[in-house]
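Everything on this sheet refers to the single structure shown next.
Nothing in this text is a laboratory measurement; each read-out follows from the coordinates by a stated rule. Predicted, not measured: the structure shown is a model, and the values here were computed from it. Don't worry about glycine lacking a Cβ; one is built from the backbone with ideal geometry, like all the others, and counts go over all protein chains shown.
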């Protein structure tokens, strides 16, 4: 089967659904293909306090379902499935869904997001969202006046530790090497912060915690010295993993300009890629913020830009 559409949105989450809202209101009648994780990373976040419009906070799945329903209400055609092949060499752009159906699109908005890298510990999945997080700015507020640990040694880890140090009584940084990879200014700031303690040459072994019914909480992180093999337990209430994210951009390699880290390159403030008529929004093109509200804003920008592009062409 082959069909034609003015605007195809690849990926859901805050960026994709918001792009669908704006494209629908511009009468582009967009089709949105949700991808492998409908709703994006926010659907695995239990408590969200920093998304506008929810004064009492809410859960990630509830917020994403609300935005999805808003997109449906204004006319977006939201479909399950995965885009498995794209050809951006000419317009209309040809995109194949589930290795079967082709969609010819006058414009395409890529909103495939990014996935956090995890340690791979079984206990990590057990306590994910219950004391284990990959976003300090998202979840740090839940650990005020408590003890936390950041895992990693790059800029993100150091920034997370400094952010948490403003909220928490104590912050550990666990790093597998004997020196950080982050910038010197951030290192100096970390070393000058009294309530940050660095645990060098150590790797996480297990995340410890308790569970009573549906209630789970983290109580510690077990680490091992990479040289001696000696193990110790850090008594912590929260574990923040800052070992990087992977932009979901593999499908577009060779089609769009992508940097060494895998982020799609866009013209600042526009969402425009190097291919006229193809736009990118959300975490797949944002290495800096990783916030749902910013992803939503970039989705709005992409939806507006797609409408403008069609008016001009």
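Which angle between 0 and 90 degrees, to the nearest 10, do you get for helix 13-25 versus the longest principal axis of the chain when only C-alpha atoms count?
Computed tilt is about 30 degrees.
Tell me, in nm to one decimal, what length is gained between residue 210 and residue 117 on full extension, where the rule is 0.36 nm per residue of separation less the Cα-Cα distance?
The span from residue 210 to residue 117 would gain 31.1 nm if fully extended.
Just from its helices, what would the mean residue ellipticity at 222 nm be for the chain, if runs of 4 or more DSSP H residues each count -39500 (n - 2.57) and the sum is divided by every residue, rounded to the nearest 500 deg cm²/dmol?
Only helices count here, giving -7500 deg cm²/dmol.
So how tilted is helix 155-165 from the main axis of the chain? Cα-based, degrees 0 to 90, rounded to 10.
60
Could you give the length gained by full extension between residue 201 and residue 144, i.e. 0.36 nm per residue of separation minus their alpha carbon distance, to one decimal place?
Separation in residues times 0.36 nm, less the Cα-Cα distance, equals 17.8 nm.
Using R₀ = 22 Å, calculate the FRET efficiency as 1/(1 + (r/R₀)^6) where r is the Cβ-Cβ separation of residue 84 and residue 44; round to 0.05.
Efficiency, from the Cβ-Cβ distance: 0.40.
Order of 66-78, 118-130 by packing, highest average Cβ count within 10 Å first?
Peptide ranking by packing, descending: 66-78, 118-130.
Above 14 angstrom, tally the Cα pairs of the stretch 220-304 and express them as a % of all pairs, no decimals.
Above the 14 Å cut-off, the stretch 220-304 has 70 percent of its Cα pairs.
How long are the semi-axes of the equivalent ellipsoid of the chain, defined as square roots of 5 times the Cα gyration tensor eigenvalues? Whole Å, largest first.
Semi-axis lengths for the chain are 39, 20, 17 Å.
Calculate the FRET efficiency for residue 232 and residue 66 from the Cβ-Cβ distance with a Förster distance of 41 Å, rounded to the nearest 0.05.
Computed FRET efficiency for residue 232 and residue 66: 0.40.
Multiplying the sequence separation of residue 294 and residue 167 by 0.36 nm and subtracting their Cα-Cα distance, what value in nm do you get?
Separation in residues times 0.36 nm, less the Cα-Cα distance, equals 43.4 nm.
Angle between the Cα long axis of helix 292-312 and the longest principal axis of the chain, 0 to 90 degrees, nearest 10?
With both axes taken from Cα atoms, the answer is about 20 degrees.
Report the antiparallel proportion of the DSSP beta bridges in the chain as a percent, rounded to a multiple of 5.
Roughly 45 percent of the beta bridges in the chain run antiparallel, per DSSP.
Taking the alpha-carbon centroid of each part, what is the distance from the stretch 65-134 to the stretch 20-61 in angstrom?
That distance is 11 Å.
Out of the DSSP beta bridges found with both residues in the stretch 118-241, what percent are antiparallel (nearest 5)?
50
Among DSSP bridges having both ends in the stretch 168-272, what percentage is antiparallel? Round to the nearest 5.
Counting only bridges with both partners in the stretch 168-272, antiparallel ones make up about 75 percent.
Grab the eigenvalues of the alpha-carbon gyration tensor for the stretch 118-241, scale each by 5, take roots, and send me the semi-axes largest first in whole angstrom.
Working from the Cα gyration tensor, I get semi-axes of 22, 18, 12 Å.
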